[in-house]
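Just so it is clear, none of the values below were taken in a lab; they were calculated from the coordinates. A quick note: this is a predicted structure, and the numbers were derived from the prediction, not measured. As a convention, Cβ positions derive from the backbone with ideal geometry for all residues, glycine included, and neighbour counts pool all protein chains shown.
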Amino acid sequence: MRIVSGIQPTGNLHLGNYLGAIRNWVRMQDEWSAQGGECLYFLADLHAISMPHVPAELAANTREMVAALVSCGIDPDRSILFNQAQVPQHAELQWLLNGTARMGWLNRMTQWKDKAGKNREGASVALYTYPVLQAADVLLYQATHVPVGEDQKQHLELARDIAQKFNNDFASEEKPVFTLPDPIIPPEAARIMSLRDGTAKMSKSDPSDMSRINLTDDADAIMAKVKKAKTDPEPLPSEKAGLEGRPEAANLVGIYAAMAGTSAEAVLADFGGKGFGAFKPALGELLVERLAPMAARYRELRADGEALDAILAKGALKARALAVPTLNATYAALGL
Ligand code: ADP
Ligand code: NA
């Protein structure tokens, strides 16, 4: 049982990144390692070059992402945490799989069509072959399970098609080279909205810092941002249906529920009928209680580039050891 999952390195991480992405990784790690399974988590820095990017930012974002993951609970001793670029077997296997992947299969990928838009001639070749690298990312480790959201289902299907065709064409039935990974649907991730506008996603690209809780915010900043968060004048309803048409209220209740590990219904059972004058301080305190320890560790780690590099180097060493046998078997099967 082996899970492989990747995330694009980004910097300036915020509450939306934590509740929408990082926390699921931590949960998977805890659940899988308790059952003797293994989690490989990688930063998809090779994928990042498929779009225009600034090299110094990519390097900084990769480190920030590691700092965030570790401070939020990814344990580099229990999970294998690494970045693709330090495991050259990813790029090597992609090339070998390019011989098996069909143009027609890639042409059908909806994400390629969406991202390239009308400017297909100007899109990078990497953007087009990105799903083959994704296939290499998981097949390289004989992943048995891959967590996939709705937008990634098609890419995992492609990875299975590539694995199956390769096994058919180049391996015997008794000794397939690749394991066909099964999808697992991650628990529904919270979608966190801006504190200034309940209809916009909380995002690092919002120019207003008051719109988001950053993973670097201290207790005072968190309390101030929650206090200033946009709301309406009505008290909270006691039923979830009463949040309809009240995006800001729904967002704050959703954040409370996600942080407390409970449901919106349960939050409203406690706070229904109360105004934001009562709810906001409670929400702020909950956020401070849960985030402050992570934020402190994040700030500390971010400042220690050597420690971050050491974590990545150690993870890459473990990942390479797992990758080499599969890569060797692939070369051999191809007569290389
Ligand atoms: P941003 O929108 O701040 O640029 P990214 O696009 O870099 O964030 O997202 C990184 C990860 O965090 C993705 O898995 C994404 O789904 C998740 N994420 C980002 N913003 C939110 C949000 N507001 N709510 C839930 N998840 C989010
Ligand atoms: Na974004």
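Here are the numbers:
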item: Phi to ³J(HN,Hα) by Karplus 6.51 cos²θ - 1.76 cosθ + 1.60 over segment 91-97, Hz, x for Gly, Pro; result: 5, 5, 5, 4, 4, 5, 6
item: Calculated log₁₀ intensity ratio I(q)/I(0) where the Debye formula runs over C-alpha points of the chain, q = 0.08, 0.12 Å⁻¹; result: -0.44, -0.91
item: Average Cα contact separation per residue, the chain, under 8 Å, 6 or more apart, as relative contact order %; result: 23 percent
item: Mean separation of Cα contacts under 8 Å, 6 or more apart, over the residue count of segment 209-301: relative contact order %; result: 40 percent
item: Computed FRET value (nearest 0.05) for residue 92 with residue 54, which takes r as the C-beta separation and R₀ as 25 Å; result: 0.40
item: Helix 219-228 vs. the chain, principal-axis angle (Cα, 0 to 90°, nearest 10); result: 70 degrees
item: Likely footprinting exposure, 202, 109, fewest C-beta neighbours within 10 Å first; result: 109, 202
item: Sorted by Cβ neighbour density within 10 Å, fewest at the top, the residues 334, 327; result: 334, 327
item: Across 230/274; 165/314; 153/230; 227/274; 115/153; 201/314, pairs whose alpha-carbon gap is larger than 25 Å; result: 165/314; 153/230; 201/314
item: Point-to-point label distance, residue 200-residue 328, nm (Cα→Cβ direction, 7 Å offset); result: 5.4 nm
item: Tilt relative to the chain, helix 276-302 - C-alpha long axis, 0 to 90 degrees, to 10; result: 40 degrees
item: Given charges at Cβ of Lys, Arg, Asp, Glu: the chain dipole, positive-most of 123, 90, 294; result: 123
item: Amide H partners (placed H, <5 Å) of residue 14, local residues excluded; result: 215
item: Under DSSP loop assignment and at most 16 Cβ neighbours within 10 Å, longest GluC sites (Glu not before Pro)-free interval of the chain; result: 1-172
item: Debye, to nearest 20: dipole size of the chain, +1 on Lys, Arg Cβ, -1 on Asp, Glu Cβ; result: 480 debye
